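See structure below.
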Amino acid sequence: MPALGLTLALLTLLIVAGLCAAIACRQTLRARDRDDAWRYLAWDEASLAKLRAGLAPRSAFTRLLSGEPSPRAVDDAIAMKREFARRIAGTHSDFDASGDMEVRLLALDQRGLRYELVPICLARLDLEALQRSGRLSCVSDPVRGHTAFAAVMTRETLRHFMLPENHPWFAPTFRWYSALPTSVAFVLAHLVPAERPQAEERS
(Lines give C-alpha, C1' and ligand atoms only; values in the text may rest on other atoms or scores of the structure.)
Protein backbone atom coordinates (compact mmCIF):
# COMPACT_ATOMS: atom_id res chain seq x y z
CA MET A 1 0.00 0.00 0.00
CA PRO A 2 2.72 2.52 0.83
CA ALA A 3 4.35 1.74 -2.52
CA LEU A 4 1.05 2.26 -4.34
CA GLY A 5 0.50 5.58 -2.57
CA LEU A 6 4.00 6.72 -3.49
CA THR A 7 3.43 5.69 -7.11
CA LEU A 8 0.16 7.61 -7.27
CA ALA A 9 1.82 10.64 -5.69
CA LEU A 10 4.65 10.54 -8.24
CA LEU A 11 2.17 10.09 -11.09
CA THR A 12 0.14 13.08 -9.89
CA LEU A 13 3.31 15.14 -9.61
CA LEU A 14 4.32 14.19 -13.15
CA ILE A 15 0.88 15.12 -14.49
CA VAL A 16 0.96 18.48 -12.71
CA ALA A 17 4.48 19.14 -13.97
CA GLY A 18 3.42 18.24 -17.50
CA LEU A 19 0.43 20.57 -17.35
CA CYS A 20 2.59 23.40 -16.02
CA ALA A 21 5.13 22.83 -18.79
CA ALA A 22 2.37 22.81 -21.42
CA ILE A 23 0.89 26.07 -20.08
CA ALA A 24 4.32 27.71 -19.96
CA CYS A 25 5.04 26.55 -23.51
CA ARG A 26 1.72 27.92 -24.73
CA GLN A 27 2.26 31.29 -23.05
CA THR A 28 5.79 31.50 -24.47
CA LEU A 29 4.53 30.76 -27.98
CA ARG A 30 1.73 33.33 -27.67
CA ALA A 31 4.20 36.00 -26.56
CA ARG A 32 6.52 35.05 -29.42
CA ASP A 33 3.67 35.20 -31.95
CA ARG A 34 2.69 38.65 -30.68
CA ASP A 35 6.26 39.94 -30.90
CA ASP A 36 6.70 38.40 -34.36
CA ALA A 37 3.47 39.97 -35.59
CA TRP A 38 4.58 43.46 -34.53
CA ARG A 39 8.01 42.90 -36.09
CA TYR A 40 6.46 41.77 -39.38
CA LEU A 41 4.49 45.02 -39.64
CA ALA A 42 7.56 46.54 -41.27
CA TRP A 43 7.38 43.97 -44.11
CA ASP A 44 5.43 44.57 -47.31
CA GLU A 45 2.44 42.33 -48.02
CA ALA A 46 4.17 40.47 -50.86
CA SER A 47 7.01 39.40 -48.56
CA LEU A 48 4.55 38.40 -45.86
CA ALA A 49 2.52 36.33 -48.33
CA LYS A 50 5.68 34.58 -49.49
CA LEU A 51 6.72 33.86 -45.91
CA ARG A 52 3.22 32.60 -45.07
CA ALA A 53 3.20 30.22 -48.05
CA GLY A 54 6.46 28.64 -46.92
CA LEU A 55 5.34 27.91 -43.38
CA ALA A 56 4.09 24.43 -42.61
CA PRO A 57 1.94 23.57 -39.58
CA ARG A 58 4.16 22.39 -36.73
CA SER A 59 3.57 21.18 -33.21
CA ALA A 60 4.00 23.59 -30.33
CA PHE A 61 7.03 21.69 -29.03
CA THR A 62 8.73 21.77 -32.44
CA ARG A 63 8.07 25.50 -32.78
CA LEU A 64 9.43 26.13 -29.31
CA LEU A 65 12.70 24.33 -30.10
CA SER A 66 13.15 25.58 -33.67
CA GLY A 67 12.15 29.18 -33.06
CA GLU A 68 10.41 29.31 -36.44
CA PRO A 69 7.59 31.84 -36.94
CA SER A 70 4.06 30.53 -36.87
CA PRO A 71 1.43 31.00 -39.60
CA ARG A 72 -0.73 32.70 -36.95
CA ALA A 73 1.91 35.39 -36.33
CA VAL A 74 2.14 36.16 -40.05
CA ASP A 75 -1.66 36.17 -40.43
CA ASP A 76 -1.95 38.57 -37.47
CA ALA A 77 0.70 40.84 -39.00
CA ILE A 78 -1.12 40.94 -42.35
CA ALA A 79 -4.45 41.69 -40.66
CA MET A 80 -2.94 44.41 -38.44
CA LYS A 81 -1.10 45.94 -41.39
CA ARG A 82 -4.30 46.20 -43.42
CA GLU A 83 -6.27 47.57 -40.47
CA PHE A 84 -3.57 50.14 -39.69
CA ALA A 85 -3.53 51.26 -43.32
CA ARG A 86 -7.33 51.50 -43.44
CA ARG A 87 -7.60 53.51 -40.25
CA ILE A 88 -4.61 55.75 -40.94
CA ALA A 89 -6.24 56.66 -44.24
CA GLY A 90 -9.08 58.19 -42.25
CA THR A 91 -11.82 57.30 -44.74
CA HIS A 92 -15.05 59.28 -44.90
CA SER A 93 -17.01 56.24 -43.76
CA ASP A 94 -14.89 55.95 -40.59
CA PHE A 95 -15.56 59.56 -39.67
CA ASP A 96 -19.23 59.49 -40.64
CA ALA A 97 -19.78 56.33 -38.58
CA SER A 98 -17.97 57.67 -35.53
CA GLY A 99 -21.02 59.56 -34.20
CA ASP A 100 -20.76 62.52 -31.85
CA MET A 101 -17.18 63.55 -31.23
CA GLU A 102 -15.64 65.58 -28.40
CA VAL A 103 -12.99 68.04 -29.54
CA ARG A 104 -9.97 68.54 -27.31
CA LEU A 105 -7.58 71.31 -28.32
CA LEU A 106 -3.97 70.88 -27.27
CA ALA A 107 -1.16 73.35 -27.89
CA LEU A 108 2.57 72.91 -27.37
CA ASP A 109 4.52 75.98 -26.31
CA GLN A 110 8.03 75.80 -27.74
CA ARG A 111 10.99 77.33 -25.92
CA GLY A 112 14.12 76.21 -27.70
CA LEU A 113 14.28 72.44 -27.36
CA ARG A 114 11.73 72.44 -24.55
CA TYR A 115 8.02 71.92 -25.17
CA GLU A 116 5.29 72.60 -22.64
CA LEU A 117 1.65 71.65 -22.92
CA VAL A 118 -0.73 74.60 -22.69
CA PRO A 119 -3.92 73.90 -20.67
CA ILE A 120 -6.34 71.82 -22.77
CA CYS A 121 -9.56 73.29 -24.12
CA LEU A 122 -12.79 71.36 -24.65
CA ALA A 123 -14.16 73.04 -27.74
CA ARG A 124 -16.39 72.79 -30.78
CA LEU A 125 -15.12 73.31 -34.31
CA ASP A 126 -16.53 73.23 -37.82
CA LEU A 127 -15.79 69.53 -38.33
CA GLU A 128 -17.07 69.48 -41.91
CA ALA A 129 -14.64 72.22 -42.87
CA LEU A 130 -11.87 70.44 -40.97
CA GLN A 131 -12.56 67.23 -42.85
CA ARG A 132 -12.72 68.99 -46.22
CA SER A 133 -9.34 70.59 -45.53
CA GLY A 134 -7.66 67.19 -45.61
CA ARG A 135 -6.00 67.78 -42.25
CA LEU A 136 -8.09 65.25 -40.37
CA SER A 137 -6.39 61.90 -39.91
CA CYS A 138 -7.58 58.70 -38.27
CA VAL A 139 -5.47 57.88 -35.21
CA SER A 140 -7.57 54.96 -34.01
CA ASP A 141 -5.90 52.06 -32.28
CA PRO A 142 -6.70 48.95 -34.35
CA VAL A 143 -5.70 46.68 -31.48
CA ARG A 144 -8.11 48.15 -28.91
CA GLY A 145 -10.70 49.34 -31.42
CA HIS A 146 -10.49 52.87 -30.02
CA THR A 147 -11.90 55.44 -32.46
CA ALA A 148 -10.13 58.79 -32.63
CA PHE A 149 -9.13 61.45 -35.13
CA ALA A 150 -6.58 64.26 -35.02
CA ALA A 151 -5.62 67.35 -36.97
CA VAL A 152 -2.40 69.32 -36.59
CA MET A 153 -2.32 73.00 -37.51
CA THR A 154 -0.70 76.30 -36.69
CA ARG A 155 -2.17 78.68 -34.15
CA GLU A 156 -3.39 80.97 -36.93
CA THR A 157 -4.94 78.13 -38.98
CA LEU A 158 -7.17 77.14 -36.07
CA ARG A 159 -9.13 80.36 -36.52
CA HIS A 160 -10.42 79.15 -39.91
CA PHE A 161 -12.17 76.16 -38.34
CA MET A 162 -13.95 77.97 -35.53
CA LEU A 163 -17.73 78.17 -35.49
CA PRO A 164 -19.53 81.46 -36.29
CA GLU A 165 -19.32 84.18 -33.67
CA ASN A 166 -23.01 83.84 -32.83
CA HIS A 167 -22.55 80.16 -31.92
CA PRO A 168 -22.54 79.41 -28.15
CA TRP A 169 -19.22 77.53 -28.42
CA PHE A 170 -17.41 80.32 -30.21
CA ALA A 171 -16.68 82.40 -27.08
CA PRO A 172 -14.94 79.74 -24.93
CA THR A 173 -12.94 78.46 -27.91
CA PHE A 174 -11.92 81.97 -28.95
CA ARG A 175 -10.90 82.88 -25.38
CA TRP A 176 -8.57 79.88 -25.28
CA TYR A 177 -7.24 80.72 -28.74
CA SER A 178 -6.62 84.36 -27.83
CA ALA A 179 -4.72 83.40 -24.69
CA LEU A 180 -2.26 81.18 -26.58
CA PRO A 181 1.30 82.52 -26.44
CA THR A 182 2.95 83.44 -29.71
CA SER A 183 5.60 80.80 -29.00
CA VAL A 184 3.09 77.97 -29.57
CA ALA A 185 4.65 75.55 -32.05
CA PHE A 186 1.39 73.96 -33.20
CA VAL A 187 -2.15 73.13 -32.16
CA LEU A 188 -3.58 69.62 -32.14
CA ALA A 189 -7.30 68.97 -32.39
CA HIS A 190 -7.98 65.54 -30.90
CA LEU A 191 -11.43 64.12 -31.65
CA VAL A 192 -12.67 61.30 -29.43
CA PRO A 193 -16.15 59.78 -29.03
CA ALA A 194 -18.32 61.98 -26.84
CA GLU A 195 -19.30 60.41 -23.54
CA ARG A 196 -23.00 59.86 -23.19
CA PRO A 197 -24.74 60.99 -19.99
CA GLN A 198 -25.42 58.12 -17.59
CA ALA A 199 -29.18 58.79 -17.73
CA GLU A 200 -29.11 58.37 -21.51
CA GLU A 201 -27.15 55.10 -21.23
CA ARG A 202 -29.66 53.66 -18.76
CA SER A 203 -32.55 54.50 -21.04
Work out from phi, with θ = phi - 60° and the Karplus expression 6.51 cos²θ - 1.76 cosθ + 1.60, the ³J(HN,Hα) of each residue of the range 148-162, listed in order in whole Hz, and give x for Gly and Pro. 7, 9, 8, 9, 9, 8, 7, 4, 6, 5, 4, 4, 6, 9, 6
Computed for the range 1-41: size of charge dipole around the Cα centre, +1 on C-beta of each Lys and Arg, -1 on C-beta of each Asp and Glu, debye to nearest 20, value 100
For a quick check of understanding: with a 1.4 angstrom probe and all protein chains in place, what accessible area in square angstrom does residue 120 have, to the nearest ten? 100
Along the positive direction of the dipole of the range 1-41 (beta-carbon charges: Lys, Arg +1; Asp, Glu -1; about the Cα centre), which of 37, 12, 24 reaches farthest? 37
The long-range amide H neighbours of residue 102, using H built 1.01 Å from N in the peptide plane and a cut-off of under 5 Å, are 192, 194
Scalar couplings 3J(HN,Hα) for the range 104-117 by Karplus 6.51 cos²θ - 1.76 cosθ + 1.60 (θ = phi - 60°), nearest whole Hz, x for Gly and Pro, are 10, 9, 10, 9, 9, 8, 9, 10, x, 9, 9, 10, 10, 7
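The values are calculated or read from the model by the stated rules, or taken from the named source; none is laboratory data. From a predicted model like this one, the values you see are computed outputs, not experimental measurements. Heads up, the Cβs are rebuilt from the backbone with ideal geometry, glycines too, and the neighbour counts pull from every protein chain shown. Ligands, DNA and RNA are excluded from the accessible area calculation, which covers all protein heavy atoms including side chains. Shrake-Rupley method; radii C 1.70, N 1.55, O 1.52, S 1.80 Å.
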